[in-house]
Structures are given as structure tokens and as C-alpha cells.
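> A single structure is presented below for examination.
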Amino acid sequence: MMNETAKLTVSASPHVKGPATVSGVMFDVIIALCPAAIAGIAVFGFRAALVMAVCVGSCVAFEYLSRKIMKKSVTVGDLSAVVTGLLLAFNLPVSIPLWMCVIGSFVAIVIVKQLFGGVGQNFANPAITARIVLLVSFASAMTHFPEPKSVDAIVSATPLATLSGFDLSGDLTGQIHLYQAADKLPSYFRMFLGVRQGCIGEVCAAALLIGAAYLLIRGVIKIAIPFSYIGTVAVFMLLASRFNLAFTAYQLMGGGLLLGAFFMATDYATSPVNLKGKIVFGIGCGLLTSVIRLYGSLPEGVSYSILLMNIACPLIEKATAPAYFGFVKKKKEKKAKEQAKEGAGA
């Protein structure tokens with residue numbers, strides 16, 4: 001006989017409980033981000049670690065304070081604020097003033113995340129939105145990319161900024177070799193290992209791929225969004241460059257494409273749930289990124305493309321939602337009624 005004092009919990013379906021928890025998933029993401037964090041510190045030095053520490057500490061502090069002020073349960077223990085802080089730091093140049101890191105953390109946690117209800121209820125990726133706000137507000141600091149291992153070195157263009165000045169109708173291979181010879185464009189090996197200008201967490205393709213492999217093996221993310229995103233960029237760049245593999249390789253390893261595709265576009269709260277929706281989402285991100293890179297005023301377009309697709313996510317899910325069990329299409333339903341009438345008349 002049921003105890004009269006026992007409480008019954010009523011919740012929306014589905015009622016199948018899985019072993020995964022928010023803190024467990026976030027811990028896996030932190031582990032996956034570690035190779036890129038180590039690479040960022042190795043390439044840019046101690047200040048990269050300082051930027052990460054300030055971003056993570058600020059995000060955790062703002063989450064704790066905002067939850068207390070709103071008189072809600074403290075959710076710092078789910079580690080989502082730590083992930084947001086790391087991703088924000090990865091999207092910043094190593095030379096950025098630390099007070100700007102605090103402002104970015106405030107935007108990410110308080111405005112984008114907590115004001116919309118907390119983890120899982122934000123309409124856009126907090127780290128990406130914060131990066132865009134900082135880029136618009138402090139363009140000079142956000143586009144100041146020192147040489148590896150020296151914050152005070154003479155600043156030169158990032159690989160994507162260099163590529164944006166290429167003549168797509170000309171000899172791209174010749175232009176690439178010319179810039180490589182003048183040391184204005186890093187070699188493919190340096191691009192892969194991250195010895196180049198760029199944001200802290202986006203430079204090392206090898207580290208990002210190691211982290212992505214970990215997430216895929218652990219089942220934290222699915223391949224649909226990253227594959228369709230990166231694949232779309234690859235196809236677009238191949239067509240735009242008349243199948244120039246060198247130009248396409250630089251586009252794939254340059255900028256924040258790998259970081260965005262594997263670690264930010266796959267955010268549970270801001271990406272579609274079903275497979276068709278994920279593919280459409282990834283293709284949309286890829287098309288927007290490619291168009292911005294080649295024809296926009298900015299050499300990079302990952303952040304803007306993911307944010308725009310985050311906003312379009314509800315529409316994508318509505319358009320690609322699978323039919324519920326027992327659903328009958330209107331045409332089939334109409335045909336069935338006509339057949340029933342003919343049978344009754346006979």
C-alpha cells in the first residue's frame with residue numbers, strides 16, 4: 001500500500017531516464033578542451049593561461065551571484081559556467097585586456113544565459129554571443145593578434161586575413177607560394193600545429209581534432225553537424241577556388257571553423273534535435289561562413305554564422321520535425337475518405 005505522505009512527481013514526457021547528467025557531459029567537454037588549452041599556452045605563453053583563468057573565474061562568479069540575486073538554486077556545480085568560460089577564452093586573442101574578459105563573461109552568463117532561465121534555456125550560444133559583443137564594442141583589441149610566444153611582437157595578419165586579399169580569379173597556388181616564401185603565410189604544418197596568429201583556442205587544428213574525437217567516442221556529440229558544417233565549407237571553397245586544394249586546406253584549418261563546428265555549433269540548447277535538422281543547421285552554418293569569408297568585409301564568419309543559425313533553430317526544427325506515430329498525410333487521408341465513400345455507395 002502506498003504511503004500517504006509519499007510525493008508523486010509529475011513531469012512531461014519522455015519518462016526514460018538516462019545515465020548522463022549535465023555535470024557529466026560538461027566534464028567530458030572540459031576534458032576535450034584540454035588539448036586545445038595546452039596548445040594555446042604552448043603557442044602563446046603564460047598569458048593565455050591567465051586569460052582562461054579570468055574568463056572561467058568570472059563566468060563562475062557571475063553565475064553564482066546571478067542565481068543568488070534571482071533567488072534560484074545555485075548551479076555552479078554543473079560545470080556549464082566553466083565550459084562557457086573556456087570557450088570564451090578560446091575565442092579571444094591572447095593580448096586582450098583582462099577587464100574585457102570580465103565584460104565578455106558578464107554578457108555570456110548573465111545576459112545570454114541566466115536572463116533566459118539558465119542552462120538549456122538560452123536561445124544562442126553564450127560564448128559566441130559574448131565574442132560578437134566584444135568584437136563590435138572593442139574591435140581594435142579583438143583583432144590584435146600577436147605572433148606566437150610573444151605578446152609584444154609586431155602584429156601581422158592572420159592566415160584568413162591574408163587569404164581574404166587573394167584574387168580568386170588568378171593563380172591561387174602561385175599567390176600561396178609567394179606569401180609562404182615571404183613568411184606572410186604559415187606552412188601547412190604550422191597551421192596544423194597552431195604556430196600562427198589567431199585566437200587562443202582556435203590555432204591548433206591537431207588539438208581540436210583530438211578533443212573532437214574524444215567527444216565523438218564518448219557520445220557527447222554526433223557527427224551530423226560538424227560533418228555537414230565542415231563539408232559545406234570544403235565544397236564551397238573548392239568550387240570558389242576552382243578546386244584548389246591548398247586554398248581549401250587553409251580555409252579549413254584557419255580561423256575558428258574546427259572550434260566552432262565541434263564545440264559550439266553542437267551545443268544542445270541551441271541546435272536541432274533530429275538528424276535532418278542537424279544536417280540543415282550544419283549546411284546553413286557552412287554556407288554563411290563561406291559567404292562571409294569570401295565576400296564579406298570580415299575575414300572570419302564562424303561566430304556570426306552560428307549565431308544566425310541559433311536564431312533560426314526553432315524554424316529548422318519545426319520544418320524538419322518527424323511525423324508523430326500514427327500520423328496520416330492529408331493526401332492519403334483524403335484518398336481514404338473518397339475510397340470509403342465509393343465503397344459505401346456500392
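> Could you identify the single residue in V220, V233 that is farther than 24 Å from A48 by Cβ, outside any helix (DSSP H, G or I), under 16 Å from the mean Cα position of the chain (by Cα) and among the aliphatic types (A, V, I, L, M)?
V220
> Would you say A32 is surrounded by 16 or more Cβ atoms within 10 Å (Cβ to Cβ), modelled with pLDDT under 95 and within 17 Å of N91 (Cα to Cα)?
Against the criterion (surrounded by 16 or more Cβ atoms within 10 Å (Cβ to Cβ), modelled with pLDDT under 95 and within 17 Å of N91 (Cα to Cα)), A32 does not qualify.
> Which count do you get for residues in the range 83-109 that are in a helix (DSSP H, G or I), within 17 Å of L259 (Cβ to Cβ) and β-branched (V, I, T)?
Within the range 83-109, residues that are in a helix (DSSP H, G or I), within 17 Å of L259 (Cβ to Cβ) and β-branched (V, I, T) number 2.
> Among the candidates F90, F123, single out the residue that is of a type in the set (F, W, Y), surrounded by 19 or more Cβ atoms within 10 Å (Cβ to Cβ) and in contact with a helix residue (DSSP H, G or I) (Cβ under 9 Å, 6 or more places away or on another chain).
When all the criteria are applied, what remains is F90.
> If you don't mind, another one. Going through the range 17-29 one residue at a time, which ones are in a helix (DSSP H, G or I), exposed (fewer than 15 other Cβ atoms within 10 Å of the Cβ) and in contact with a helix residue (DSSP H, G or I) (Cβ under 9 Å, 6 or more places away or on another chain)?
Hit for the range 17-29 is S23, nothing else.
> Hey, another quick one. Which is at negative phi and either out of contact with any Lys or Arg (no Cβ under 7 Å at 6 or more places or on another chain) or of a type in the set (K, R) (or both), of K149, K113?
K113
> Moving on to the next point. Go through the range 110-134 and give me each residue that's within 19 Å of A265 (Cα to Cα), touching a residue at least 40 places away in the same chain (Cβ under 8 Å) and not in a loop (DSSP other than H, G, I, E, B).
K113, P126, A127, I128, T129, A130, R131, I132
> Still on this model: Restricting to the range 169-187, and then to whatever is surrounded by 15 or more Cβ atoms within 10 Å (Cβ to Cβ) and either within 23 Å of the chain's Cα centre (by Cα) or touching a residue at least 12 places away in the same chain (Cβ under 8 Å) (or both), can you tell me which residue is farthest from S95 (Cα to Cα)?
The residue in question is L172.
> Okay, next question. Applying the selection to the range 274-306, what residues are aliphatic (A, V, I, L, M) and either surrounded by 24 or more Cβ atoms within 10 Å (Cβ to Cβ) or not in a helix (DSSP H, G or I) (or both)?
L298, V302, I306
> Residues in the range 243-253 that are assigned to a helix (DSSP H, G or I) and either under 19 Å from F90 (Cα atoms) or of a type outside the set (F, W, Y) (or both): how many?
Residues that pass the stated criteria total 7.
> While we're looking at this one, here's another question. Can you name every residue in the range 239-262 that is under 14 Å from L287 (Cβ atoms) and over 14 Å from the mean Cα position of the chain (by Cα)?
Those that are under 14 Å from L287 (Cβ atoms) and over 14 Å from the mean Cα position of the chain (by Cα): L239, A240, Q251.
> Kindly check whether there is at least one residue in the range 311-318 that is within 21 Å of F90 (Cα to Cα), crowded, with 17+ Cβ neighbours inside 10 Å and either more than 17 Å from the chain's Cα centre (by Cα) or without any contact (Cβ under 8 Å) to a residue 60 or more places away in the chain (or both). Spell out how you get there, then give the answer.
Pass one, the range 311-318, residues within 21 Å of F90 (Cα to Cα): none.
Scanning the range 311-318, I find no residue that is within 21 Å of F90 (Cα to Cα), crowded, with 17+ Cβ neighbours inside 10 Å and either more than 17 Å from the chain's Cα centre (by Cα) or without any contact (Cβ under 8 Å) to a residue 60 or more places away in the chain (or both), so the answer is no.
> Which of the residues spanning the range 199-217 are assigned to a helix (DSSP H, G or I) and β-branched (V, I, T)?
Filtering the range 199-217 for residues assigned to a helix (DSSP H, G or I) gives 205-217.
Passing the criteria: I210, I217.
> If I ask for residues that are within 25 Å of F189 (Cβ to Cβ), among the aliphatic types (A, V, I, L, M) and touching a residue at least 60 places away in the same chain (Cβ under 8 Å), which ones from the range 216-272 would you list?
A240, A246, A249, M253, L259
> Another question about this same structure. Of the residues that sit in the range 254-273 and are more than 23 Å from T320 (Cβ to Cβ) and not in a helix (DSSP H, G or I), which one is modelled with the highest pLDDT?
Filtering first and then ranking leaves G256.
> Given the structure, is V74 among the hydrophobic types (A, V, I, L, M, F, W, C) and farther than 27 Å from V136 by Cβ?
yes
> How about the range 239-285: which of its residues are more than 28 Å from C34 (Cα to Cα) and either out of contact with any helix residue (DSSP H, G or I) (no Cβ under 7 Å at 6 or more places or on another chain) or among the small types (G, A, S) (or both)?
Across the range 239-285, the qualifying residues are L239, A240, S241, R242, F243, L245, A246, G277, G284.
> Is at least one residue of the range 123-141 modelled with pLDDT under 90 and within 21 Å of V83 (Cβ to Cβ)?
yes
The values are calculated or read from the model by the stated rules, or taken from the named source; none is laboratory data. Only a predicted model underlies this, so the values are computations on that prediction, with no experimental measurement involved. Virtual Cβ from ideal backbone geometry, glycine too; neighbours counted across all protein chains shown.
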